[in-house]
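*Asks:* The structure follows.
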Amino acid sequence: MTSFFDELLGMQATAETITVGQTCARTVLVFSVALILLRLSGRRTFGGNSALDMVVKFMFGALLSRVIIADAPMGITFAAAAALVCVHRILAYALYFSPALRRIVKGTDSVLAEGSTIHQHELRKASVSEAELRAGVRAAANTDELSNLEKIRLEHDGTITVIKKPE
């Protein structure tokens, strides 16, 4: 039975010797392992778009892709992916309890505009053009009229959110 899985997954294969069938079998296995790790990591691990979330996503994908093409040992790479998920969980837990650490890792939001007053220095600091600000307002509030809005924020994850004035 062991030799069957060795042959199916190409356990001794290298990037140069792996077959199409072995690559497909590895893809199914990596998909399954990734799904299990993602379920264990929690809902928010890959749901956000903060810098931290993006780093974890890229690292996770880069790690696991190496298994598919036989560029890295399977067991070690799966262990590294599990370690990455654990580090992310521990860091997320620490961020929950430490506002200072949260500001360092995730960043903070900024007020880009209040009513019709656009804060040019905040736009410049965030590298957001006025056209991008207005596009974000249209997407978030379905309006072009800034005077109907109380605040326009650039959130720590890069999204533009709008608080409308009370009617």
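The values are calculated or read from the model by the stated rules, or taken from the named source; none is laboratory data. The shown structure was predicted, so the numbers you read here are calculated from the model rather than taken from an experiment. In this analysis, Cβ positions are derived from the backbone assuming ideal geometry, glycine residues included, and neighbour counts consider all displayed protein chains. These accessible areas exclude ligands, DNA and RNA; they are computed on the full protein's heavy atoms, side chains included. Shrake-Rupley method; radii C 1.70, N 1.55, O 1.52, S 1.80 Å.
*Asks:* Taking amide hydrogens as modeled 1.01 Å from N in the peptide plane, which residues meet the under 5 Å criterion relative to T143, leaving out close sequence neighbours?
*Replies:* R138
*Asks:* Determine the sum of side-chain charges near K164: Lys and Arg each +1, Asp and Glu each -1, restricted to other residues whose C-beta is under 11 angstrom from that of K164.
*Replies:* Around K164, the surrounding residues sum to -1.
*Asks:* Percent of accessible area on the stretch 18-96 owned by carbon and sulfur, 1.4 Å probe?
*Replies:* 74 percent
*Asks:* Let me ask something else about it. Given a 1.4 Å probe, how much area per residue of the stretch 2-147 is accessible, in Å²?
*Replies:* 62 Å²
*Asks:* For the chain, what relative contact order do you get, as a whole percent, if you take Cα pairs closer than 8 Å and at least 6 residues apart?
*Replies:* With pairs under 8 Å counted, the relative contact order is 18 percent.
*Asks:* Additional query: I'd like the carbon and sulfur percentage of the solvent accessible area for the stretch 99-167, probe radius 1.4 Å, heavy atoms only, ligands and nucleic acids excluded.
*Replies:* Percent of accessible area from carbon and sulfur atoms in the stretch 99-167: 48.
*Asks:* Further, regarding this structure: Can you spot the lysines whose alpha carbon is less than 27 Å from K151's alpha carbon? Ignore those fewer than 8 places along the same chain.
*Replies:* K106, K125, K164, K165
*Asks:* Can you compute the charge dipole magnitude of the stretch 1-128 about its Cα centre, using +1 on each Lys and Arg Cβ and -1 on each Asp and Glu Cβ, nothing else charged? Give it in debye, rounded to the nearest 20.
*Replies:* 520 debye
*Asks:* When a/c is below 1.5 the answer is rounded, else prolate if a/b is larger than b/c, else oblate, so apply that to the chain with a ≥ b ≥ c taken from the square roots of the Cα gyration tensor eigenvalues.
*Replies:* It comes out prolate by the Cα gyration axes.
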